[in-house]
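Read the structure below first, then the notes.
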Amino acid sequence: IATPNDFRAFWMPFTANRQFKQNPRMLVGAKDMHFTASDGRQILDGTAGLWCVNAGHCRPKITEAIAQQAGELDYAPAFQMGHPKAFELANRLVDIAPEGMNHVLFTNSGSESVETALKVALAWHRARGDGSRTRLIGRERGYHGVNFGGISVGGIVANRKMFGTLLTGVDHMPHTHQPARNAFTRGQPEHGGDLASELERIVTLHDASTIAAVIVEPVAGSTGVLIPPKGYLQKLREICTRHGILLIFDEVITGYGRLGAPFAAQYYDVMPDIITTAKGLTNGVIPMGAVFVTSAIHDAFMQGPEHLIEFFHGYTYSGNPIASAAALATLDTYREEGLLTRAAELSPYWEEQLHSLKGCPHVIDIRNTGLIGAIELEPVAGEPTKRAFSAFLRAYEQGLLIRTTGDIIALSPPLIISKEQIDQLFDTLRKVLTQVD
Ligand code: PMP
């Protein structure tokens, strides 16, 4: 497969695909911190794939668990049957989850976890006899996957505008940063706590009795790494609790050690009612997601009046045995190598090296938390993605994979990265930034 013509039978409805056909970058292998490109070059993975390969690539323990499970029990119907690995996995997940998150529903992706969480929230109010709570509140610049519920509560105009009314009864809070820049603040900014009062305004406008849930990413990842200011998530929690509204944390990116604790809820010490996860659950190897709920939510479904519980939900592949085996081997790897807290140890070094790019050409802001970083570039007038994309291409040529959104470079390496590899990553980026026009 070498020429654009070879891709003729392959179609993805992304404009990126057009660009890919003009300039194909094929990956043919991966090991630990590196991809192998089709021309044989080693590419340092600065993004853990798509924020998912937290333990690094092609880890034997995980691949062996998959092979073994595939030969033992490949599939079990998700509705009428169970199998031991799904139950074992649910128990192991609850062990690392924030206190009180005692139950798990399995899905196949982050987008499905979000749909599941939104439906659970609405169904829970209904199961308690409060069917008037149907409104949902998301956030500008929020990313919650690509399905209809997710783009409805999500706040990315480009993903929403061609799909009409979407879910009705959805409001969006402004984001924690308007604009997103933090003036090179390290870690959590001090300012911005007042923005939570926007939630209060929306609640007053519609009356709390109509609102089911608020959904936010604790750290907005896909729209450019927006770090919550101190006190902001706590204030959202207080407002939701005061008004009987469920708080959903979308931890598809922040879950499984990205910040230095298993989940952002623990890292920021704020307990939501529902947590959505995927990506790092199976180290990105096999599609799987998990939604965590509190006992209060679970019990309403299990113990509430029968006539109020009409909640049908679940997927053909929920808790699939092979995915469950991959997730269990992933959790073993995280535990054995201390990866769920490694970001906390590495974070000071990461922060220091990342912020050493201050002063490089075009850099107008740098943000970080855990093992996540963002470098925001001054946009070229009228071409708001040009500079970062040019940096992406140059970095790839020089053996480094980065991710860009608008003119923001996002970084989230596998949690196994060494200090030498952190140095290499930022040395390459420093060079790249001087080469970008
Ligand atoms: N929520 C968040 C916060 C995400 O970052 C993503 C993916 N980047 C999703 C949901 C959707 O996950 P998936 O692509 O697995 O459907």
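Each reported figure results from applying straightforward, stated rules to the coordinates on display, with no laboratory input. Computed from a predicted structure; not experimentally measured. Backbone-built Cβ (ideal geometry, glycine too); neighbour counts: all protein chains shown.
Arrange Leu167, Leu354 by Cβ neighbour counts within 10 Å, fewest through most, would you?
Values: Leu167 16, Leu354 23.
Listed from fewest to most nearby Cβ atoms, that is Leu167, Leu354.
Would you mind ranking Phe249, Phe106 so that the residue whose beta carbon has the fewest other beta carbons within 10 Å leads the list?
With the fewest neighbours first, Phe249, Phe106 line up as Phe106, Phe249.
For region 318-328, take each phi angle, set θ = phi - 60°, evaluate the Karplus expression 6.51 cos²θ - 1.76 cosθ + 1.60, and give the result in whole Hz per residue in order, putting x for glycine and proline.
Listing the rounded values in order: 4, x, 3, x, 5, 5, 4, 5, 5, 5, 5 Hz.
Given the options Leu50, Leu73, Leu357, which has the most mean-square fluctuation in a GNM of the chain, springs set between C-alpha atoms less than 10 angstrom apart?
Highest fluctuation among the options: Leu73.
Under the rule of at least 5 residues apart or a separate chain, name every residue whose amide H is placed under 5 Å from the amide H of His103.
When sequence neighbours closer than 5 places are left aside, the close amide H contacts are Val293.
Charges only on Cβ, +1 for Lys and Arg, -1 for Asp and Glu: so what's the dipole of region 278-348 about the Cα centre, in debye to the nearest 20? Don't jump to the answer; show the numbers that get you there.
Working: 3 positive and 7 negative charges, 45 e Å.
Here region 278-348 has a charge dipole of around 220 debye.
If I model a spin label as a point 7 Å beyond the Cα along the Cα-Cβ vector, how far apart are those points for Ser209 and Ala381 in nm?
5.5 nm
What aspartates and glutamates sit close enough to Lys21 to cross-link, taking a C-alpha to C-alpha distance under 18 Å and skipping anything fewer than 8 places away on the same chain?
Asp6, Asp39, Glu397
Work from the charge dipole of region 236-365 (Cβ charges, +1 for Lys and Arg, -1 for Asp and Glu, about the Cα centre) and give the residue of Met288, Trp350, Ala329 farthest towards its positive end.
Comparing the listed Cα positions along the dipole, Trp350 ranks first.
Measuring from label point to label point, each 7 Å out along Cα→Cβ, what is the Thr341 to Ala158 span in nm?
4.0 nm
Report D for the chain in µm² per second (integer): Stokes-Einstein, Kirkwood Rh on Cα pairs, 4 °C, 1.567 mPa s.
Reported coefficient: 58 µm²/s.
Sort Met173, Met271, Met288 so that the residue with the fewest other Cβ atoms within 10 Å of its own Cβ comes first and the one with the most comes last.
Values: Met173 22, Met271 17, Met288 28.
Ranked by crowding around the Cβ, least crowded first: Met271, Met173, Met288.
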